[in-house]
């Protein structure tokens, strides 16, 4: 797919200023919009096309939901080399390239760590889920309920693409739509944070990491950031000054779409609050956790190999790609693409108390700590990168059992775990607004 817009550099700036003025964006928007637009454009289009396998048109239609400015992108896709190039009004141009086993990343000159990684293929297993691909008989009434929910969702424009329910360790129903099927790796956005927490829990299990310790980043040793504990990072109460707003020029967009190393960007941020005092949702913090994983294991290749051997392999992931940034570190905040069945495997690990497919990945004690309310003064219903139903004065999901918790991501991705019901519910899609999680998931739980 190629879009051509020819205005000349001066005309492009005038158009950008006019659009910014129309939408009331600040001056920083004008300076940063071109780089962010080409970064998000090349990255998401590349991953959607070459990981999820969506058509170029569907990929672009999904992309432009984020901003009308993205409709101004000039896009060129090389299907053979698996490279996507985007240009924004001739002001900024970026490419994102696909590598099997690593997915896509924006290309940055001088940063070749990602290209140097040796990847491993995923061995297929025909055994029974969660180890393999075989699904026992689906339950007719649950399958009918999920079908009706997806039909209702998509009639309302909610773009649900996968809905899956696990009860007592078996998949009872699964429904797919809008070009997705049981093997389609779908973007979980911030659901990746929850897997990142599990990866650090695994290091603790193996005696390689003390979660109560302070990460020894050189940049932090001479100031109060040296007081940050890994548990502060896990609960988003580290105190770092990081803005999760998504306008061009904000921290999140700068890190995600214009920085070769997401962790370097965040490590450089100053403190805004004393560590452990205030909750501040931060994708930057999740990428600092990925950096800790990398540093403990010794580097990009070692962390990639360890993930394959000790995380994705034991989980039984069959159709997933955990993308790395240009520095070779896992993009722990945002970029795990996985099928609904693979996301459910992560949920089943938690229901099982830390073991799955005959392997212990984390301890039951870690799960108890990871799903307990934090000690911040402003938002207690958040664990170790997991959203909790309990912890605040009111339940997050009023009609769902109190012990529920979830991995959640942009566009209303959700993988909910309800230990008291031995249930895991996965919902993946591309919803621009809100999604009736409480209504739909309580309906599913009631049907059990």
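Count of the range 136-151 residues, restricted to those that are over 16 Å from residue 412 (Cα atoms) and under 26 Å from the mean Cα position of the chain (by Cα), is 3. I'd like the full set of residues that are closer than 30 Å to residue 323 by Cβ and either in contact with a strand residue (DSSP E or B) (Cβ under 8 Å, 6 or more places away or on another chain) or in the same structural domain as residue 348 (by TED's automatic domain parsing) (or both), limited to the range 132-157. Those that are closer than 30 Å to residue 323 by Cβ and either in contact with a strand residue (DSSP E or B) (Cβ under 8 Å, 6 or more places away or on another chain) or in the same structural domain as residue 348 (by TED's automatic domain parsing) (or both): 134, 135, 146, 149, 150, 153, 154. For residue 171, the conditions (1) surrounded by 22 or more Cβ atoms within 10 Å (Cβ to Cβ); (2) outside the structural domain of residue 355 (by TED's automatic domain parsing); (3) in contact (Cβ under 8 Å) with a residue 60 or more places away in the chain are fulfilled apart from (2). All of 131, 69 fail the test of being on the phi < 0 side of the Ramachandran plot, in a helix (DSSP H, G or I) and either touching a helix residue (DSSP H, G or I) at 6+ places or on another chain (Cβ under 7 Å) or in contact (Cβ under 8 Å) with a residue 12 or more places away in the chain (or both), apart from 69.
Annotation note: of 76, 87, the sole residue that is over 22 Å from the mean Cα position of the chain (by Cα), within 16 Å of residue 36 (Cα to Cα) and at pLDDT 95 or above is 87. Residue check: residue 181 meets all listed conditions (1) farther than 13 Å from residue 343 by Cβ; (2) part of a loop (DSSP other than H, G, I, E, B); (3) in contact with a strand residue (DSSP E or B) (Cβ under 6 Å, 6 or more places away or on another chain) but one, namely (3). Selection over the range 271-295 of residues that are free of Cβ contacts under 8 Å to residues at least 40 places away in the same chain and over 22 Å from the mean Cα position of the chain (by Cα) gives a count of 2.
Residues that are in contact with a helix residue (DSSP H, G or I) (Cβ under 6 Å, 6 or more places away or on another chain) and either assigned by TED's automatic domain parsing to the domain that holds residue 256 or within 22 Å of residue 78 (Cβ to Cβ) (or both) within the range 106-128 comprise 106, 117, listed in sequence order. Considering only residues in the range 401-429 that are over 13 Å from the mean Cα position of the chain (by Cα) and surrounded by fewer than 22 Cβ atoms within 10 Å (Cβ to Cβ), the one that is nearest to residue 158 (Cα to Cα) turns out to be 401.
Applying the criterion of being in contact with a helix residue (DSSP H, G or I) (Cβ under 7 Å, 6 or more places away or on another chain) and part of a helix (DSSP H, G or I) to the residues of the range 142-165, the residue that is surrounded by the fewest Cβ atoms within 10 Å (Cβ to Cβ) is 142.
The C-beta contact set for the range 147-158 (first residue on the phi < 0 side of the Ramachandran plot, second residue exposed (fewer than 15 other Cβ atoms within 10 Å of the Cβ), distance under 7 angstrom, 6+ apart or interchain) is empty. For residue 423, the conditions (1) within 20 Å of residue 194 (Cα to Cα); (2) out of contact with any helix residue (DSSP H, G or I) (no Cβ under 7 Å at 6 or more places or on another chain) are fulfilled apart from (2). Would it be correct to say that residue 368 is crowded, with 20+ Cβ neighbours inside 10 Å and at pLDDT 95 or above? For residue 368, the condition - crowded, with 20+ Cβ neighbours inside 10 Å and at pLDDT 95 or above - is not met. Out of curiosity, is residue 317 assigned to a helix (DSSP H, G or I) and touching a helix residue (DSSP H, G or I) at 6+ places or on another chain (Cβ under 8 Å)? Spelling it out, it is not the case that residue 317 is assigned to a helix (DSSP H, G or I) and touching a helix residue (DSSP H, G or I) at 6+ places or on another chain (Cβ under 8 Å). Under the condition of being within 17 Å of the chain's Cα centre (by Cα) and either in a loop (DSSP other than H, G, I, E, B) or outside the structural domain of residue 332 (by TED's automatic domain parsing) (or both), the residues counted in the range 228-241 number 2. Candidates 216, 204, 244: the one that is part of a loop (DSSP other than H, G, I, E, B) and either at pLDDT 95 or above or buried (at least 19 other Cβ atoms within 10 Å of the Cβ) (or both) is 244. For residue 298, the test of being free of Cβ contacts under 8 Å to residues at least 12 places away in the same chain and farther than 17 Å from residue 101 by Cβ is passed.
The values are calculated or read from the model by the stated rules, or taken from the named source; none is laboratory data. Keep in mind it's a predicted model, so treat the numbers as computed, not measured. Positions of Cβ are generated from backbone atoms using ideal geometry, with glycine treated the same way; all protein chains shown enter the neighbour counts.
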